[in-house]
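See structure below.
The values are calculated or read from the model by the stated rules, or taken from the named source; none is laboratory data. Everything quoted here is computed from the prediction, not taken from an experiment. Don't worry about glycine lacking a Cβ; one is built from the backbone with ideal geometry, like all the others, and counts go over all protein chains shown. For accessibility, only protein heavy atoms count, side chains too; no ligands or nucleic acids. Shrake-Rupley method; radii C 1.70, N 1.55, O 1.52, S 1.80 Å.
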Amino acid sequence: MRDQKMYCYTCQSDEQHRPLMADEKIRLKNRTGRKNVDDVFMCTAPNCRNLRTGFNKRPFDPVIRMPLD
């Protein structure tokens, strides 16, 4: 997978998204209890970091944003 432009629910516009890094996948699995998060992308717009899947622009309710740490 590589970066791609997708709709961001938080930005309310099409923005670049990237696949999650290994440590981010672990964090998301622990937070959501999902077994597989390979289909999750993160918005790379400044100060956003909203998460979505390739097919669903708002898969998490409430919205999940990846922390900066």
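Normalised Debye scattering of the chain at q = 0.12, 0.14, 0.15, 0.27 Å⁻¹ gives log10 I(q)/I(0) of -0.25, -0.35, -0.40, -1.40, counting only Cα atoms as equal scatterers and leaving out solvent. For segment 43-69 and segment 1-42, what is the centre-to-centre distance using only Cα atoms, to the nearest Å? Cα centres, segment 43-69 to segment 1-42: 6 Å. Identify, among 33, 67, 11, the residue whose Cα sits farthest towards the positive end of the charge dipole of the chain, taking +1 on the Cβ of Lys and Arg and -1 on the Cβ of Asp and Glu, with the dipole about the Cα centre. Of the candidates, 33 comes out farthest on the positive side. The residues of the chain expose, per residue, 68 Å² of accessible area to a 1.4 Å probe.
Of the heavy-atom accessible surface of the chain (probe 1.4 angstrom), what whole percent is carbon and sulfur?
Working: 2220 of 4690 Å².
Of all accessible area on the chain, carbon and sulfur atoms account for 47 percent.
Averaged over residues, the count of other Cβ atoms within 10 Å places the peptides 28-36, 42-50, 4-12 in the sequence 42-50, 4-12, 28-36, highest first.
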